[in-house]
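Right, one structure below, let's go through it.
What follows draws every value from the coordinates through simple rules; no lab data is involved. Here the structure is a predicted model, which is why all the values come from computation and not from measurement.
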Amino acid sequence: MDTVTINVELPKDVLLAADISEVSAPTEIRKLLALYLFKERLLSFGKASELAGMDKLAFMELSGSKGISLNYDVNDFQEDLIALRNLDI
């Protein structure tokens, strides 16, 4: 996967108000962005879990804990089917 590095300056009080430490901010902000893009249907479930840096089960649990329902569509099914076929079982 090709990546892009984006530097964003945030006021410390924003992190403090959101209860996010400076150390965990990059990881937490990626998760929040993934949740938002998934909720708005701008990313598939698989791509959102990839962006969040989480496996699908963990991202499913995180989504549920935030009240975001799964929009499991044909594209998600096809991605999962390809992944299952690639497993050496």
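Tell me, what ³J(HN,Hα) does each residue in region 35-42 have, in order and in whole Hz, if you take phi through Karplus 6.51 cos²θ - 1.76 cosθ + 1.60 with θ = phi - 60° and put x for Gly and Pro?
Each residue of region 35-42 in turn: 4, 4, 5, 5, 4, 7, 6, 8 Hz.
Under 17 Å between alpha carbons, and skipping anything fewer than 8 positions from K56 in its own chain: which aspartates and glutamates qualify?
The qualifying aspartates and glutamates are E28, D73, D76, E79, D80.
Can you spot the lysines whose alpha carbon is less than 21 Å from K12's alpha carbon? Ignore those fewer than 8 places along the same chain.
In chain and number order, the partners are K31.
Using only Cα atoms, find the angle between the long axis of helix 56-65 and the longest principal axis of the chain, and express it within 0 to 90 degrees, rounded to the nearest 10.
50
Output ³J(HN,Hα) for region 14-30: one whole-Hz value per residue in order, computed from phi by the Karplus curve 6.51 cos²θ - 1.76 cosθ + 1.60 with θ = phi - 60°, and x for Gly and Pro.
3J(HN,Hα) across region 14-30, in whole Hz: 5, 4, 4, 5, 8, 6, 10, 6, 4, 5, 8, 3, x, 5, 5, 5, 4.
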